[in-house]
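Trainee: The following block contains the structure, expressed as structure tokens.
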Amino acid sequence: MTDFFKLHFFIPLGIVLALIIIPYVGYMANQQLVLAVVIPYLAVLIFLEGLIYRVIKWARSPVPFRIPTTCAQNRSLPWIKKSIGEKLDNPETTLQVIGRMALEVLFFRSLFRNLTTKLRRPADHPEDAKLYYWSYKWLWLGAIAFHYTFLIVLLRHLRFFTETTPGFVQTIEHVDGWFQIFQPTVYLTGIILLAALTYLLLRRVYNPNMRYISLASDYFPLFLIMAIGTTGILMRYFFKVDITAVKQLALGLVTFKPTVPAGIGVIFYIHLFLVSVLFMYFPFSKLLHMAGVFLSPTRNLANNNRWVRHINPWNYPVKFHPYIEHENKYRQAMKEVGLPVEKE
Amino acid sequence: MKEPVKSEFGTVGEKPKVEKKIYNRNLILAGIIAFVVLITFPIWNLQGKSVPPPDPKLDTPVIQKMPEKDRKCIEDKNYMRNYHMQMLDNWRNQVVRNGNRQYTSLSGKKYTASLQNTCLECHSNKSQFCDQCHLKCWPRASWRPN
């Protein structure tokens with residue numbers, strides 16, 4: 001088990017370190033054009049193409065029967081009323097499905113109901129061990145902190161891709177740098193992002209059960225996004241690069257007139273390369289739950305099996321083999337061994 | 001061509017060919033299009049028009065009067081571009097909190113730590129120098145020009 005863990009932990013770590021060295025070597029070999037233009041374009045193409053391919057592939061699978069996972073009572077006797085929470089947990093209409101999906105996508109409801117189990121000694125029977133369940137919100141907290149800060153960090157980067165920074169981005173920055181500490185102002189989301197990632201990583205490493213089921217594909221995105229966050233923070237606060245040149249580069253990319261301004265530090269190329277790798281890796285990994293959450297049949301279907309007939313597209317008219325045919329075939333043999341027959 | 005389904009009793013039916021199609025096509029396509037439109041926002045926002053890079057001007061009278069070889073900022077150009085904000089912040093701290101107005105540059109030259117008297121003496125053209133980046137393409141929500 002230890003070896004299994006080591007393999008799945010250290011190989012992705014090594015890959016991410018190699019991914020940091022590659023752009024460094026490329027920078028030293030003056031391959032800025034490849035690092036800043038070719039690879040980012042390629043990454044966005046692979047990202048979009050892969051994502052659309054996967055979504056279409058999912059959409060081609062028929063889901064003939066409704067298979068929602070439900071946590072509440074289905075429609076029942078008329079005097080049994082369903083509360084709003086029960087309607088969202090066992091949706092009967094499209095509107096309720098939309099409500100359920102919104103709760104899932106925006107607030108990670110299924111993680112919010114996460115439970116933990118522990119064996120404890122009950123006070124009245126100290127010699128016994130009893131299994132206790134209780135609410136466990138840390139995973140939800142870590143996940144929601146990570147996802148929302150990542151989104152905000154992504155939106156903040158719009159500053160580089162627009163001629164004049166949109167108002168909402170300025171508002172985000174203003175709120176994000178609320179405390180106005182240090183120069184340049186520290187953005188809280190950057191710190192929360194790394195803290196949440198650290199928790200999500202430690203959760204896998206610390207708990208033996210989690211460690212056992214964690215694979216390289218679980219650690220790799222964590223290491224990769226941690227490396228992206230770390231290089232970003234280093235670049236913003238410590239090893240500064242010429243930010244107007246970076247913006248010129250970004251604007252050149254989105255206006256399809258790519259230029260590589262001179263004098264951008266190597267850390268920028270490392271950051272950009274890691275982001276490109278994340279984009280390329282995205283459609284082939286578990287990160288695609290971004291699209292998959294909308295297409296999961298256990299969540300996005302109304303639980304109406306009891307009153308709507310859903311027909312299987314691969315149903316065929318079945319040729320029945322009724323008992324009487326069976327008897328016609330074996331009547332003589334049945335009579336011989338004394339079995340009762342319907343027709344003489 | 002329908003494929004027969006066989007069992008111990010012979011042919012019991014014919015497997016229909018399941019039509020290959022995108023289920024909920026309109027919804028799926030709408031979702032994909034919405035996503036692509038959303039993430040290509042920077043592209044259609046600019047519509048391919050080129051944005052000139054900021055062009056801070058250095059042709060103030062004070063700089064012009066300097067002999068060619070002395071036309072240097074406190075630190076070298078790259079350092080000033082990347083770190084001027086931290087330098088000014090450090091100056092503020094050392095002047096306001098410690099009353100120390102002396103700044104020794106990396107090359108050993110001594111300067112008075114003052115935005116008004118040192119920086120703006122040469123760079124007296126705020127709108128053609130500072131604002132080129134700070135207002136045009138690098139506005140900060142918390143940075144208020146006065």
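Trainee: Among A:N74, A:N30, which is within 21 Å of A:V266 (Cβ to Cβ) and either free of Cβ contacts under 8 Å to residues at least 60 places away in the same chain or part of a loop (DSSP other than H, G, I, E, B) (or both)?
Mentor: Result: A:N30 is the single residue among A:N74, A:N30 that is within 21 Å of A:V266 (Cβ to Cβ) and either free of Cβ contacts under 8 Å to residues at least 60 places away in the same chain or part of a loop (DSSP other than H, G, I, E, B) (or both).
Trainee: Of everything in the range A:303-344 that's within 14 Å of chain B (Cβ to nearest Cβ) and in a helix (DSSP H, G or I), which residue is nearest to A:M101 (Cα to Cα)?
Mentor: If we take residues in the range A:303-344 being within 14 Å of chain B (Cβ to nearest Cβ) and in a helix (DSSP H, G or I), then A:Y323 is nearest to A:M101 (Cα to Cα).
Trainee: I'm checking my understanding of the structure. Among residues of the range B:54-80 that are among the hydrophobic types (A, V, I, L, M, F, W, C) and assigned to a loop (DSSP other than H, G, I, E, B), which one is farthest from the other protein chains (Cβ to nearest Cβ)?
Mentor: Among those residues, the one meeting the criterion is B:M66.
Trainee: For the range B:1-33, which residues satisfy the criterion of being facing chain A (nearest Cβ under 7 Å), of a type in the set (D, E) and either touching a residue at least 12 places away in the same chain (Cβ under 8 Å) or surrounded by 11 or more Cβ atoms within 10 Å (Cβ to Cβ) (or both)?
Mentor: B:E14
Trainee: Within the set of pairs 6+ apart or on separate chains, which have a first residue in the range A:241-263 that is at the interface with chain B (Cβ under 9 Å from one of its Cβ atoms), a second that is part of a loop (DSSP other than H, G, I, E, B) and small (G, A, S), and C-beta atoms under 7 Å apart?
Mentor: Close Cβ pairs (under 7 Å, with a partner that is part of a loop (DSSP other than H, G, I, E, B) and small (G, A, S)) amount to A:V241/A:G265; A:D242/A:G263; A:A245/A:G263; A:T255/B:G48; A:T255/B:S50; A:F256/B:G48; A:K257/B:S50.
Trainee: Report, by residue number, each residue of the range A:178-191 that is at pLDDT 90 or above and either surrounded by 20 or more Cβ atoms within 10 Å (Cβ to Cβ) or out of contact with any helix residue (DSSP H, G or I) (no Cβ under 9 Å at 6 or more places or on another chain) (or both).
Mentor: A:Y187, A:T189, A:G190
Trainee: Shifting gears a bit: Please verify whether the range B:34-49 includes one or more residues that are out of contact with any Ser or Thr (no Cβ under 6 Å at 6 or more places or on another chain), modelled with pLDDT under 85, within 7 Å of chain A (Cβ to nearest Cβ) and under 30 Å from A:F47 (Cα atoms).
Mentor: So far as the range B:34-49 goes, yes, one or more of its residues are out of contact with any Ser or Thr (no Cβ under 6 Å at 6 or more places or on another chain), modelled with pLDDT under 85, within 7 Å of chain A (Cβ to nearest Cβ) and under 30 Å from A:F47 (Cα atoms).
Trainee: What's the number of the only condition in (1) more than 10 Å from chain A (Cβ to nearest Cβ); (2) closer than 20 Å to B:Q116 by Cβ that B:M87 fails to meet?
Mentor: All conditions pass for B:M87, except number (1).
Trainee: Let me ask you something else. Could you check, for the range A:42-56, whether at least one of its residues is aromatic (F, W, Y) and free of Cβ contacts under 8 Å to residues at least 12 places away in the same chain?
Mentor: no
Results for (1) of a type in the set (A, V, I, L, M, F, W, C); (2) within 20 Å of A:L288 (Cα to Cα); (3) in a loop (DSSP other than H, G, I, E, B), shown as yes or no for each residue.
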residue: A:E49; (1), (2), (3): no, yes, no
residue: A:W58; (1), (2), (3): yes, yes, no
residue: A:K81; (1), (2), (3): no, no, yes
residue: A:P91; (1), (2), (3): no, no, yes
residue: A:Q96; (1), (2), (3): no, no, no
residue: A:V105; (1), (2), (3): yes, yes, no
residue: A:T116; (1), (2), (3): no, no, no
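Trainee: How many residues, within the range A:158-174, are hydrophobic (A, V, I, L, M, F, W, C) and over 19 Å from B:Q132 (Cα atoms)?
Mentor: Count: 4.
The values are calculated or read from the model by the stated rules, or taken from the named source; none is laboratory data. On a predicted model such as this, the values are computed, not experimentally measured, just so you know. A quick note on method: Cβ atoms are made from the backbone with ideal geometry, for glycine too, and the neighbour counts reach across all protein chains shown.
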